[in-house]
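Okay, structure first, notes after.
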Amino acid sequence: MRKIWVLGILVLLGGCKSMGSASVSGPEAFSNYQENLTGSLPEYPDFQVSTQEAKSVAPSTSVQSVDSSLDEVQKRLTEKNKSEPYFNGYTVLVYSGIDRNQAFRTRDEIASYFPEISPEMQYQEPRYLVKIGRFAYKFEAQKSFSRIKTMFPTARIVQDRFQRKEYVAPQLNPNAQGQN
């Protein structure tokens, strides 16, 4: 039994010694390493040559033809907008409630504190609204809102729908058939 133990230890020591001598560690292990990646790298065209080719090609349309097209589109949009009775925008809502007297007081306070601003009062059953301004964009309403907010902390910017000033309602022919 003792011989088996001695033989096992010798085999174990011999195995460890042979593994240790086969492995090389440190920088010497990678000193001769080389790898060629040229086959897998993408190829890009020469930048200067491609820009010169792009400059040599003449544009097929002129700037004037684009300008005339844009003018035409702009005229059509202008005519369409004139035929639309309303546009969407923003206003500053200062008061919204069912108390009629409070709505009138709020309108009068705005007129006294800010004489350059003309408040507008509306009645939408069952509530009264006191609004300031008609703005196409929200950031335009921000200036009035910041001034009003100091005196009226409940004020807020809301979306609204306004009638165009330049809109002309179509005239109805009183003799035409089919009209009520």
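The values are calculated or read from the model by the stated rules, or taken from the named source; none is laboratory data. In this text the structure is predicted, and so the values were computed from the model without any measurement. Methodologically, a virtual Cβ is constructed for each residue, glycine included, from the backbone with ideal geometry; neighbour enumeration extends over all protein chains shown. Keep in mind that these areas ignore ligands, DNA and RNA; they rest on the heavy atoms of the full protein, side chains included. Shrake-Rupley method; radii C 1.70, N 1.55, O 1.52, S 1.80 Å.
Just a few scattered comments:
- Residues within the range 50-109 that are modelled with pLDDT of 85 or more, open to solvent by 80 Å² or more (accessible area, probe 1.4 Å) and among the aliphatic types (A, V, I, L, M), tallied: 3
- Pair list, Cβ under 9 Å, 6 or more apart: the range 120-141 residue touching a residue at least 12 places away in the same chain (Cβ under 8 Å) and over 19 Å from R105 (Cβ atoms), other residue open to solvent by less than 30 Å² (accessible area, probe 1.4 Å) and of a type in the set (S, T, Y): G133/T91; G133/S144; R134/T91; F135/T91; F135/S144; A141/T91
Conditions (1) part of a loop (DSSP other than H, G, I, E, B); (2) more than 36 Å from the chain's Cα centre (by Cα); (3) closer than 15 Å to F152 by Cβ, marked per residue:
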residue: E43; (1), (2), (3): yes, yes, no
residue: N81; (1), (2), (3): no, no, no
residue: N88; (1), (2), (3): no, no, no
residue: A103; (1), (2), (3): no, yes, yes
residue: P115; (1), (2), (3): yes, yes, no
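- Selection count where residues are open to solvent by less than 70 Å² (accessible area, probe 1.4 Å) and in a strand (DSSP E or B), scope the range 121-143: 9
- Of R127, R134, all but one fail to be touching a Gly at 6+ places or on another chain (Cβ under 7 Å), of a type in the set (K, R) and farther than 18 Å from T154 by Cα; the exception is R134.
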